[in-house]
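Just so it is clear, none of the values below were taken in a lab; they were calculated from the coordinates. Since we're looking at a predicted model, the values are computed, not measured. Virtual Cβ from ideal backbone geometry, glycine too; neighbours counted across all protein chains shown.
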Amino acid sequence: MKDEGQQPGLTEVPNKGWDERLRLFKAGDEVDTSVLVTARYVVIIDTMATPELAQAILESVQPSLEGRQLLVINTHADYDHCWGNAIFAGPDAVYLAPIIAHEQARRRLQSDEARRYLAPRQQAGARFANVQLVAPTITFTDSLRIDGGDLTLELIPTPGHTSDHIAVWVPELSLLLAGDAAEHPFPYVEEAQTLPILRHSLERMAALNAATVIPCHGGTTDPALLTRNIAYFEAVEHHARSALASGLVPTDWHEREDIAEVVGLPYEQALEDVEADPAYNEDDMYRSFHRAAVRATLANLQADASVQAITQPG
C-alpha cells in the first residue's frame, strides 16, 4: 500500500487508439481500472480503494447508463480493486448493481483476515473511513460469459497473484484486461506454491493472442507484456538453477536482502531485461517483488530436488 493518507485523484486516461467503448481510469499511481460500454451494459471492472473513488467513476460514466444496466466486476479481493464496492451493493449503495467475481473473492472479503487488514487503516486516517467490506453478489468458479449485445466479456480464472484472480477477455476487440495477473515490470508472487500457478495463468493469457493487454499496474497496452512477464520468470529460474548447481546459494538465502545479486540477476539487470524505464531503479516495491520472485523460485527448486532425492532408488 503506497499511501494511506491522502486520497489520490481520479483521472481518465486519454484514449491511445483503443476502441472507444473502453474507458480507462487511474487513481494516481495506485491502480488503473476499466469501464466497458456495451450495447446492453456499462461494466465497471474494479471499484478501486475507496467509495469516493468508485463514486467518481460512477459519475464519469453516468451519461452512458441511459438505456443500459450497470454491472460491476471485481478481478480479485485486494483492497485497491474492491474497497469501493459499497457504492453498488449494501445498505449505503448509491446505485444498485450486481457485483460479479470469483467465489474465492467472496470468501476473502467476508474473512476475518479482511477485517483485520482494514481496521488499522481506518484508524490511521480519514481516507478509508467510509470503506465497507461488501462481498460480490454473483460468483462463479470455472468461468463466466457476459453477452453485452455487441461485445462479449469472458471472465477467466487466472490465479497465482491471488487465489481468486480473474481476467476479462473481450474477443471482439482482441482485448485482455489482465488485472494483476500481469504487470509491468513484473507481477507479484506472494509465496513459492503460487509461483507455478501464476506462470500457468500467464501462459493461458498469452495463448489468447490479444492485440491489446491492459494490466491494472504499469500503464501499458502492449500485448508483449505477457511474453516479457513469462520470460522474466524463466530468467529468474535459469539464474537460480545455475546458482544452486554452482553452490553459490548460502544457507541463509531466505533472509538475504541481496539474494537476487547472489543468484546473478540483480534488480537492475531484471529491469533491463523487461525493457523497463530505469526510473524503476528507485522503486522499492518492485525491488521487493523481484526479491520475492527469486526466493519463491529457490524454494521450489530446492523442494523439487528434495523430492527427487527421496524418490530416486538408492
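How far is helix 112-124 tilted, in degrees, relative to the longest principal axis of the Cα atoms in the chain, given as a value from 0 to 90 rounded to the nearest 10?
For 112-124 against the chain, the angle is about 70 degrees.
Highest mean first, how do 136-146, 278-288 rank when packing is the count of other Cβ atoms within 10 Å averaged over residues?
Taking the mean over residues of other Cβ atoms within 10 Å, the ranking is 136-146, 278-288.
With each label point set 7 Å from Cα along the Cα-Cβ vector, what nm distance links SER111 and ILE230?
Placing both labels 7 Å beyond Cα along the Cβ direction yields 3.0 nm.
If packing is taken as the average number of other Cβ atoms within 10 Å across a peptide's residues, how do 114-125, 147-158 rank, most packed first?
147-158, 114-125
In the stretch 91-107, which residues have a backbone nitrogen under 15 Å from the label point lying 7 Å from GLN69's Cα in the Cα-to-Cβ direction?
96-101
With everything on Cα atoms, drop me the angle between helix 224-245 and the longest principal axis of the chain, reported from 0 to 90° to the nearest 10.
Roughly 20 degrees, rounded to the nearest 10.
Run the simple label-point estimate for GLU191 and LYS16 please: 7 Å along Cα→C-beta, distance reported in nm.
3.5 nm
How tilted is helix 51-61 with respect to the longest principal axis of the chain? Cα atoms for both, answer in degrees (0 to 90, nearest 10).
60 degrees
Per residue Cα convex hull volume for the stretch 92-159, in cubic angstrom?
In the stretch 92-159, the Cα hull volume divided by residue count equals 128 Å³.
Can you bin the stretch 182-314 into rounded, prolate or oblate? Criterion: square roots of the alpha carbon gyration tensor eigenvalues sorted a ≥ b ≥ c, rounded for a/c under 1.5, prolate for a/b above b/c, oblate for the rest.
Oblate shape, in that a/c is at least 1.5 and b/c is the bigger or equal ratio.
Which of the peptides 247-258, 33-44, 65-76 is most tightly packed, and how do the rest follow, going by the mean number of other Cβ atoms within 10 Å of each residue?
So the order, starting with the most tightly packed, is 33-44, 65-76, 247-258.
Can you work out the FRET efficiency for the pair ALA303 and GLU203, with r the C-beta to C-beta distance and R0 = 22 Å, to the nearest 0.05?
Step by step, r from the Cβ atoms, then E = 0.55.
Just want the ordering: THR194, THR11, from fewest to most Cβ atoms lying within 10 Å of their own Cβ.
Listed from fewest to most nearby Cβ atoms, that is THR11, THR194.
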